Amino acid sequence: MIDLHTHSTASDGTDSPARLVEVAALAGIATLALTDHDTTSGWAEAADAAARHGVGLVRGAEISAIAATRGWGTGVHLLAYLHDPAHPGLLAETERTRDDRESRARRMVDLLSEDYPITWADLLAQTQPGTTLGRPHIADALVAAGAVRDRDEAFATILRPGTRYYVGHYAPDAVAAVRAVRAAGGVPVLAHPGADARGRVVPDSMIEELADAGLAGLEVDHRDHTPDTRRRLRDLAESLDLLVTGSSDFHGAGKQNRIGENTTAPEVLDAIAEQGLLEVLR
C-alpha cells in the first residue's frame, strides 16, 4: 500500500514523525509520504524511522495557497513531493505562510479568550517546538478547556469561516505555488480538490490553469470525495494528462481518517519519483 498524504506533530497531526512511520508499518504501508503543512521539519526523524521499519518514504509538504477565482480567492492545498527543502523561492513562501499562521493564531486566541477559557499558553500546550500552528491546535485547546467535544465540533461551530473568531492568513497564489514547487524540483499534486463539504472548491477551469503551470496530478481518492466526484476528477485528470493519486490525509487522533484508507498505484508513485529532484527513500 502507498499512502501519499499524512501529517505529524510537525504540523497538525497527533503522532510524532517517528510514531507516524511506526503506525504505517503496523498497518502494512509499503511507502508513506510525510506532507506536513508548510514545513519539512519532520523529514529527518521520519527518514530515520523509515529505515528502521523498512517503510519507503516520500518526503513532501502540503503547501497552503489561494486560487484566484471569480469574486474572491479560494483556498487550496498543494501536495509537494520530493522537492529541495532549501530552495530559496519555495522556502521564502512557506516561511512567510508559517509566520502569518502564528500571528493569525494569536489573533484568534485573543478573540476566543473573550468568551472561552483559553490562552496562548493553552494553545502552545497542544503543540511541539517548531510546529506549524493552525486552527487544529486552537481546536485542541478548546477541547482541553471543555468548550467542545473534539476537533470536528470546533471546526463546525466556533472556528468555521464566518464566525467572529475566524481570521484568515497569508498564502501564495496557487499558480505561483505550482511554479515554485516545480522550480524547487518538486512534484505538485492538488490535494482533495473536490472536498466541497469543507467549503468552496476551485472550478475545473482553475485546475486547467494549474495544469498549464506545471501541476502533476490530482488527489482523487480521498474520503472527502463522493463516488460521483471521484469519477468526475478521474475524467478531468485523464483529459489533462494528470496523475491520479489516493491518500488517507491521516492526522493520527486529530481526524477520523484511517491510514491507508485510500492508496496510490505503484506506477503513479514511479512517475512521481521520476519527476522529483529527491529520491524516494527505500
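Extents of segment 149-278, taken as max minus min of Cα coordinates on every principal axis and listed largest first, are 44, 31, 30 Å. Note on the chain: helix-only mean residue ellipticity at 222 nm, from DSSP H runs of 4+ residues weighted -39500 (n - 2.57) and normalised by residue number, equals -12000 deg cm²/dmol.
Take the chain and mark each of the GluC sites (Glu not before Pro) that is in a DSSP loop with at most 12 other Cβ atoms within 10 Å; the longest unmarked stretch, sites excluded, is 115-278.
For the chain, the longest principal axis of the C-alpha atoms and the axis of helix 266-275 are separated by about 90°.
May I ask for the Kirkwood hydrodynamic radius of segment 236-282, worked out over all distinct Cα pairs and given in angstroms to one decimal? Radius from the Kirkwood sum: 12.5 Å. The alpha carbons of segment 63-195 occupy a box of 45, 36, 21 Å along the principal axes, longest dimension given first. Looking at segment 119-177, which trypsin sites (Lys or Arg not before Pro) are in a loop (DSSP not H, G, I, E or B) and have at most 15 other Cβ atoms within 10 Å? Passing sites in segment 119-177 are R149, R164. Seen from a random direction on average, the alpha-carbon convex hull of the chain projects onto 13.5 square nanometres.
Counting only the Cα atoms, segment 171-247 fills a convex hull of 91 Å³ per residue. By DSSP, the beta bridges lying fully in the chain are antiparallel in about 45 percent of cases. Given segment 7-116, report the % of alpha carbon pairs whose separation exceeds 21 Å. Tail of the P(r) past 21 Å holds 46 percent of the pairs.
Since every read-out is calculated from the coordinates, none of them should be taken as a lab result. Values in this document were obtained by computation on a predicted structure and should not be read as measured data. Methodologically, a virtual Cβ is constructed for each residue, glycine included, from the backbone with ideal geometry; neighbour enumeration extends over all protein chains shown.
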